[in-house]
Amino acid sequence: MAWTCCRNILIAVAWSIFTSLGIQTTFALDQERPNVLFIVIDDLRPSLGCYGGPIISPNIDQLAAQSAVFTNAMVQQSLCAPSRTSFLTGRRPDTTKLYDFYSYWREAAGNYTTLPQHFKENGYFTASVGKVFHPGNSSGGNDDYPYSWSVPAYHPSTDQFIYAKVCPNLDGKLGDNVMCPVDVDKMPEGTLPDLQAFERAAEILRNLSSAKATGAEKTHLHERFEDGKSSLTNASSPPFFLAVGYRKPHVPWKYPKEYESLYPLSSVEIASNPTMPEEMPSAAWEVFGRLRKHSDLRPLKLPLPYGTIPLNYHGPMRQNYYAASTFMDHQVGRLLNVLEESGFANNTIIVLVGDHGWQLGEHGEWCKFSNFELATRAPLLVHVPGVTDTRWMAADKFELLDPLLLTKKDAVEKKQMNIKLQRYLHKNAIREVEILDEQERYEFIKDYSDLEQNNGIHVDDFVEFVDIFPTLSDLANISIPPICPPKSFNVDFCAEGVSFAPLITNKMTSTRGDISGGNSNRVTNFTRWKNATFSQYPRPSIVPTGESSDVPHLANITIMGYSMRTRDYHYTEWIGFNHTTFEGNWSDVGARELYINALDPDQNQNVAGYIKYGTLVKDLSQRLQRGWRDCLPN
């Protein structure tokens, strides 16, 4: 498509030059408020192509080329329910009082306003598709409906088969394998949860587009809503906040088998550090107990708690994680393509996140369940039309890129070729290249291999997932939740993070100026951004005993690992914790970890006990105890 659209590209060039004269950081549009598409991906680590990783992710990479890509974005707990509850309320786990799956913050902590609820209360139509909140007790048994959503949340009917024994084994039997490439037609209902989630989200977008275009008095978004009454009133054309949650690459890695061929085992590199870090305290170890129970790993009979998966399994497991991730990327691409076809691409803020990271054999560990950076660092992309995409000149914002039709090499070459052509045209303002056919253009572009590839706006500053709530409010120009006071259980509307919209602006303008746009509570004219991020993880004991060590119930939590990441260090203290008062005892330190980033970026050697670092450990301990408030921008 892009090859036949040079005229449109040149028009886009002119428009980008025009907009670059006055970049806006918020949608101060009188005519139309921005929509929001919020994409949450389960267990996705930042190993995507746009992060320089091995995962084939052409559609997310295309989004990244028009977005701010945050390279140091950290979650507050590396477990699905606590992390999602944290970033959807803008509060940290000690404030939501959720460290497991079994309590609802409105009952256990406070009646906190959520991110989608805030948009709903500001006139937005809000809808949830797939896994956005963690379903079950942690979101009230109904995904926080009706507080957060205008209509009941949708969950694919095939969610019930996630752990079904449908995975073919070498012996011809079916099991509940962790590695599970499948023939989709043979699956229950002939589909998979993420395919169903895409179909429902696409249906919502098309119905919203149709309602807007026809001006019908009422358009039913779904005939299958539980209450049978949910509808969209079109007279006011409300903007939408659509949240879509994809389950892959969460285990089991059940995905269409075609994607496995994208990753020949001979090309899959395993972790360079597949053993425990030197001097690692026992509390830091996660036993990946649930993973051990799958049919294909059970025969290994790994001893608890320190039994590790043999190295000859690491390649196939990475292969399946990558393939499941590429399958997910394809569904993201389909969704973004429908967004564009529905006419919303130019007025929709898009946020794409992983709910936490994932360990793939590094340190001998798998899954999340820890404070290691591989577990707490997650992808975060923010697309703001008219701000982050001014250098994108293709006619289509979100052309659907089918990974199965592109080898990795072809995908990379096509992307580079397209970008180089756009940049060359922009730089030289010429039309002569229009007469070249596709092959000639390919050869033409290869002659300009020195041109810089546009990889979007990369932001290396620290951000935390509790910052997402205030940031989206900022970008949409609605009221921004103020910083929560200490002990904010009785404060409904506040956040324990700040808007990082200024970071996007600074990357676009290279200046630090007032971006408030008349809206209060914005961080403006700062001289220092956040200088640390904070996460935590609970344990039932200082030494792991069994599967429950990974995800202890609240009543069994006796240890909390509080962790701080700075530019130079990653420091953690495992301290005594009272599960009834939700407070840690800083005088009861069971173990410490210190990793020096410049010398040990992979966190292979804990030096907290080294005498020469004694003064540093004391200083970092004091900073950790002062907490996140001491590290806010100023």
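The values are calculated or read from the model by the stated rules, or taken from the named source; none is laboratory data. These figures come from a predicted structure and were not determined experimentally. Reconstructed Cβ throughout: ideal geometry from the backbone, glycine too, with neighbour counts over all protein chains shown.
Regarding the range 23-33, can at least one residue be identified that is at pLDDT 50 or above and farther than 29 Å from Pro82 by Cβ? Yes: one or more hits.
Among the numbered criteria (1) among the polar types (S, T, N, Q); (2) closer than 30 Å to Leu302 by Cα; (3) assigned to a loop (DSSP other than H, G, I, E, B), which one does Asn634 miss? Looking at each condition in turn, Asn634 falls short on (2).
Just checking, how many residues over the range 186-215 are of a type in the set (Val, Ile, Thr) and either within 29 Å of the chain's Cα centre (by Cα) or under 18 Å from Thr326 (Cα atoms) (or both)?
We begin by selecting, within the range 186-215, every residue of a type in the set (Val, Ile, Thr); these are 191, 204, 214.
When the remaining residues are screened for being either within 29 Å of the chain's Cα centre (by Cα) or under 18 Å from Thr326 (Cα atoms) (or both), the result is 191, 204.
Matching residues across the range 186-215 total 2.
Here the range 272-301 is the region considered, the condition is being part of a loop (DSSP other than H, G, I, E, B) and either outside the structural domain of Phe372 (by the TED database) or of a type in the set (Ser, Thr, Tyr) (or both), and the residue that is nearest to Cys367 (Cα to Cα) is Thr275. Given the criteria buried (at least 24 other Cβ atoms within 10 Å of the Cβ), touching a residue at least 12 places away in the same chain (Cβ under 8 Å) and either outside any helix (DSSP H, G or I) or among the basic types (Lys, Arg) (or both), does Tyr102 qualify? Considered against the rule, which asks whether it is buried (at least 24 other Cβ atoms within 10 Å of the Cβ), touching a residue at least 12 places away in the same chain (Cβ under 8 Å) and either outside any helix (DSSP H, G or I) or among the basic types (Lys, Arg) (or both), Tyr102 comes out as no. Taken over the range 303-320, the criterion of being at pLDDT 95 or above, among the hydrophobic types (A, V, I, L, M, F, W, C) and either part of a loop (DSSP other than H, G, I, E, B) or touching a Phe, Trp or Tyr at 6+ places or on another chain (Cβ under 9 Å) (or both) is satisfied by Ile309, Met317. Is it the case that some residue within the range 279-289 is out of contact with any Pro (no Cβ under 7 Å at 6 or more places or on another chain), surrounded by fewer than 24 Cβ atoms within 10 Å (Cβ to Cβ) and at pLDDT below 95? Within the range 279-289, one or more residues are out of contact with any Pro (no Cβ under 7 Å at 6 or more places or on another chain), surrounded by fewer than 24 Cβ atoms within 10 Å (Cβ to Cβ) and at pLDDT below 95.
From the list Leu336, Leu380, which one is farther than 26 Å from Val268 by Cα and surrounded by 24 or more Cβ atoms within 10 Å (Cβ to Cβ)? Don't jump to the end; show me each part of the working.
Values: Leu380 fails: farther than 26 Å from Val268 by Cα.
Exactly one of Leu336, Leu380 is farther than 26 Å from Val268 by Cα and surrounded by 24 or more Cβ atoms within 10 Å (Cβ to Cβ), namely Leu336.
Does at least one position in the range 61-71 carry a residue that is surrounded by 24 or more Cβ atoms within 10 Å (Cβ to Cβ), at pLDDT 95 or above and touching a Pro at 6+ places or on another chain (Cβ under 6 Å)? Taking every residue of the range 61-71 in turn, none turns out to be surrounded by 24 or more Cβ atoms within 10 Å (Cβ to Cβ), at pLDDT 95 or above and touching a Pro at 6+ places or on another chain (Cβ under 6 Å). With respect to the conditions (1) surrounded by fewer than 21 Cβ atoms within 10 Å (Cβ to Cβ); (2) under 24 Å from Arg318 (Cβ atoms), Gly172 lacks only one, and its number is (2).
The residues in the range 463-506 that are touching a strand residue (DSSP E or B) at 6+ places or on another chain (Cβ under 6 Å), more than 18 Å from Gln117 (Cα to Cα) and among the hydrophobic types (A, V, I, L, M, F, W, C) can be counted, and the count is 4.
Taking the range 618-628 as the range and being in contact (Cβ under 8 Å) with a residue 40 or more places away in the chain and part of a helix (DSSP H, G or I) as the test, the residues that pass are Leu620, Ser621, Arg623, Leu624, Trp628.
Is it the case that Asp194 is modelled with pLDDT of 95 or more, assigned by the TED database to the domain that holds Arg298 and either surrounded by fewer than 18 Cβ atoms within 10 Å (Cβ to Cβ) or in contact with a Gly (Cβ under 6 Å, 6 or more places away or on another chain) (or both)?
Values: modelled with pLDDT of 95 or more: yes; assigned by the TED database to the domain that holds Arg298: yes; either surrounded by fewer than 18 Cβ atoms within 10 Å (Cβ to Cβ) or in contact with a Gly (Cβ under 6 Å, 6 or more places away or on another chain) (or both): no.
Spelling it out, it is not the case that Asp194 is modelled with pLDDT of 95 or more, assigned by the TED database to the domain that holds Arg298 and either surrounded by fewer than 18 Cβ atoms within 10 Å (Cβ to Cβ) or in contact with a Gly (Cβ under 6 Å, 6 or more places away or on another chain) (or both).
Taking the conditions (1) of a type in the set (A, V, I, L, M); (2) within 25 Å of the chain's Cα centre (by Cα); (3) surrounded by fewer than 17 Cβ atoms within 10 Å (Cβ to Cβ) in turn, Ala164 satisfies each one other than (2).
Restricting attention to the range 170-211, and to residues there that are of a type in the set (Asp, Glu), assigned to a helix (DSSP H, G or I) and in contact (Cβ under 8 Å) with a residue 12 or more places away in the chain, which single residue is nearest to Gly333 (Cα to Cα)?
The initial filter retains those residues of the range 170-211 that are of a type in the set (Asp, Glu), namely 171, 176, 183, 185, 189, 194, 199, 203.
Filter once more, so that each one left must be assigned to a helix (DSSP H, G or I): 185, 189, 194, 199, 203.
Narrowing further to those that are in contact (Cβ under 8 Å) with a residue 12 or more places away in the chain: 189, 194, 203.
Values: Glu189: 23, Asp194: 12, Glu203: 15 Å.
Restricting to residues being of a type in the set (Asp, Glu), assigned to a helix (DSSP H, G or I) and in contact (Cβ under 8 Å) with a residue 12 or more places away in the chain, the top hit is Asp194.
Matching residues to (1) farther than 21 Å from Pro93 by Cα; (2) surrounded by fewer than 15 Cβ atoms within 10 Å (Cβ to Cβ); (3) free of Cβ contacts under 8 Å to residues at least 12 places away in the same chain; (4) not hydrophobic (A, V, I, L, M, F, W, C):
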residue	(1), (2), (3), (4)
Glu547	yes, no, no, yes
Gly561	no, no, no, yes
Ile575	no, no, no, no
Thr581	no, yes, yes, yes
Asn585	no, yes, yes, yes
Ile611	yes, yes, yes, no
Leu616	yes, no, no, no
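Looking at Lys427, Lys420, just one residue is at pLDDT below 95 and crowded, with 21+ Cβ neighbours inside 10 Å, and that residue is Lys420. For Tyr613, the conditions (1) more than 18 Å from Tyr562 (Cα to Cα); (2) in a loop (DSSP other than H, G, I, E, B) all hold with the exception of (2).
Among the residues of the range 481-504, write down those that are in a loop (DSSP other than H, G, I, E, B) and surrounded by fewer than 24 Cβ atoms within 10 Å (Cβ to Cβ). Talk me through it step by step, then tell me what you get.
Pass one, the range 481-504, residues in a loop (DSSP other than H, G, I, E, B): 481-482, 484-494, 496-500.
Scanning the range 481-504 gives Pro482, Cys484, Pro485, Pro486, Lys487, Ser488, Phe489, Asn490, Val491, Asp492, Phe493, Cys494.
Among the numbered conditions (1) more than 15 Å from the chain's Cα centre (by Cα); (2) surrounded by 24 or more Cβ atoms within 10 Å (Cβ to Cβ); (3) hydrophobic (A, V, I, L, M, F, W, C); (4) under 26 Å from Leu262 (Cα atoms), tell me where Phe369 comes up short. Condition not satisfied by Phe369: (4).
Scanning the range 74-90 for residues that are in contact with a helix residue (DSSP H, G or I) (Cβ under 7 Å, 6 or more places away or on another chain) and either at pLDDT below 95 or not in a helix (DSSP H, G or I) (or both) yields Met74, Val75, Gln76, Gln77, Ser78, Gly90.
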